[in-house]
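Q: Take this structure, written in structure tokens, and hold onto it; I'll ask about it next.
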């Protein structure tokens, strides 16, 4: 009887023809409109991306990567983190893993924990140098972006799993979101390729990399906003098909952009009115 009831319930939520396309089109139009407004706003790409992401990163020039004469809007470590998280979420979506509700395997969890610890260790090493204490190796932006990428992959898996366990009424309860450590090679390779481009120093890549970082940050906040909105509105564990997410994903996109803008505004206000120093 339970199986029969579930089948009836799922059939009642089956997609109507054209609904997925309409939902996808609406989100695409909303995203393109936001992108167009951003491009038309006065200022260079460097100025606008730095301002937009000002609330998410210390933006220390000494810890940041240059492409040509411009510094990226995230420092090296945060660049790696957001590239890694975005690459992982895109891979999970492409591999149809965002319905898998089982925790990653023990070996995957160990690998992800090691990724985070490596980034933490690199940060501690740099901090020891700044304090004039013994350190393991000279800090570099190359190590910062590499260890940030590793931690970003761990963040992406965590967000993907949170998405899966929070939204679906018919999630894949017998499938792990990541089965084996070698599966992580896909997002690591994709994210590593982008990080490598960011480290070339080629000025021609500044605009696409800077805009990509803005998109990556928005995507991470977007996924988190979808989960939070679903839970606080009582819609958690109630969705059967991706087409049903049209409304909440649209609202979540607006919420994500608003949150990023608000954090930037708060930091600018703190620097202007309370004398909070800028990092160097």
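Q: Report relative contact order for the chain in percent, whole number only (criteria: Cα-Cα under 8 Å, sequence separation at least 6).
A: On the way: 407 pairs, mean separation 84.0, N = 280.
Relative contact order of the chain: 30 percent.
Q: Also, I was wondering about something else. Based on alpha-carbon centroids, what's the gap between the range 139-165 and the range 247-266 in Å, whole number please?
A: The two parts, judged by their Cα centres, are 21 Å apart.
Q: Roughly what angle does helix 185-198 make with the longest principal axis of the chain, taking Cα atoms, 0 to 90 degrees, to the nearest 10?
A: So the helix axis and the longest Cα principal axis differ by about 40 degrees.
Q: Can you give me the angle between helix 19-40 and the longest principal axis of the chain, using Cα atoms only, in degrees from 0 to 90, rounded to the nearest 10?
A: 20 degrees
Q: Measure of size requested: the Rg and Dmax of the range 44-272, with Cα atoms as the atom set and Å as the unit; please supply both.
A: Gyration radius and largest Cα-Cα distance of the range 44-272: 18.3, 56 Å.
Q: Which value, in Å to one decimal place, does the Kirkwood hydrodynamic radius take for the range 164-280 when every pair of different Cα atoms is included? Kindly include the intermediate steps, with their values, before the conclusion.
A: On the way: mean 1/r = 0.0569 Å⁻¹.
Hydrodynamic radius (Kirkwood, Cα pairs) of the range 164-280 is 17.6 Å.
Q: Taking the chain as a Gaussian network, Cα atoms linked when under 10 Å apart, which of 240, 163, 35 shows the biggest mean-square fluctuation?
A: Of 240, 163, 35, the most mobile in the Gaussian network model is 35.
Q: Relative to a virtual label point 7 Å from the Cα of residue 39 in the Cα→beta-carbon direction, which members of the range 204-236 show backbone nitrogen distances below 17 Å?
A: Label zone hits: 205-216.
Q: Same structure, new question: Under a plain spin-label model, where a point goes 7 Å from the Cα along Cα-to-Cβ, how far apart in nm are residue 26 and residue 158?
A: Calculated label separation equals 3.2 nm.
Q: What does the highest-first list of 181-193, 226-238 look like by mean Cβ count within 10 Å? Write out the running numbers ahead of the final one.
A: Working: 181-193: 17.9, 226-238: 15.2.
Taking the mean over residues of other Cβ atoms within 10 Å, the ranking is 181-193, 226-238.
Each reported figure results from applying straightforward, stated rules to the coordinates on display, with no laboratory input. Since we're looking at a predicted model, the values are computed, not measured. Cβ: placed from backbone, ideal geometry, glycine included. Neighbour counts: every protein chain shown.
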